[in-house]
1. Among all residue pairs at least 6 apart or on different chains, which show Cβ distances below 6 Å where the first residue, located in region 5-24, is in contact (Cβ under 8 Å) with a residue 60 or more places away in the chain and the second is assigned to a strand (DSSP E or B) and surrounded by fewer than 16 Cβ atoms within 10 Å (Cβ to Cβ)?
2. Taking region 32-53 only, how many residues are out of contact with any helix residue (DSSP H, G or I) (no Cβ under 6 Å at 6 or more places or on another chain), free of Cβ contacts under 8 Å to residues at least 24 places away in the same chain and outside any loop (DSSP other than H, G, I, E, B)?
3. With the structure loaded, tell me whether residue 27 is within 14 Å of the chain's Cα centre (by Cα) and outside any helix (DSSP H, G or I) or whether it fails that test.
4. Could you list all residues from region 1-24 that are within 15 Å of residue 71 (Cα to Cα) and either in contact with a strand residue (DSSP E or B) (Cβ under 6 Å, 6 or more places away or on another chain) or outside any loop (DSSP other than H, G, I, E, B) (or both)?
5. Could you list, in sequence order, all residues of region 62-78 that are touching a helix residue (DSSP H, G or I) at 6+ places or on another chain (Cβ under 8 Å) and surrounded by 15 or more Cβ atoms within 10 Å (Cβ to Cβ)?
6. Tell me yes or no: at least one residue of region 32-41 is in contact with a strand residue (DSSP E or B) (Cβ under 8 Å, 6 or more places away or on another chain), surrounded by fewer than 10 Cβ atoms within 10 Å (Cβ to Cβ) and at pLDDT below 95.
7. Looking only at region 1-31, count how many residues are surrounded by 10 or more Cβ atoms within 10 Å (Cβ to Cβ), touching a helix residue (DSSP H, G or I) at 6+ places or on another chain (Cβ under 9 Å), within 15 Å of residue 62 (Cα to Cα) and at pLDDT 80 or above.
């Protein structure tokens, strides 16, 4: 799993942090990709750690837990992704 799959809303230009709006479509695309990339965590011959299980649940629950795509993106950018 790479951090690059996360949707973030910030960028730095001329030393200033700026924010842009994201869509639920962008969140869902990146989330689906992250779930696909972490599917191997749940193979039956591996033990899924609690942190990995919680992260995958966080991804699945984003649309239900956040009112806007921007809130979901901000929460995801702050989430400590397990290795």
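The values are calculated or read from the model by the stated rules, or taken from the named source; none is laboratory data. Note that the structure is a prediction, hence the values are computed from the model and not measured. Please note: Cβ atoms are built from the backbone with ideal geometry, for glycine as well, and neighbour counts cover all protein chains shown.
1. 9/19; 10/17; 10/19
2. Qualifying residue count, region 32-53: 7.
3. no
4. Correct list: 9, 10, 19, 24.
5. 62, 66, 69, 72, 73, 76
6. Scanning region 32-41, I find no residue that is in contact with a strand residue (DSSP E or B) (Cβ under 8 Å, 6 or more places away or on another chain), surrounded by fewer than 10 Cβ atoms within 10 Å (Cβ to Cβ) and at pLDDT below 95, so the answer is no.
7. The qualifying residues number 8.
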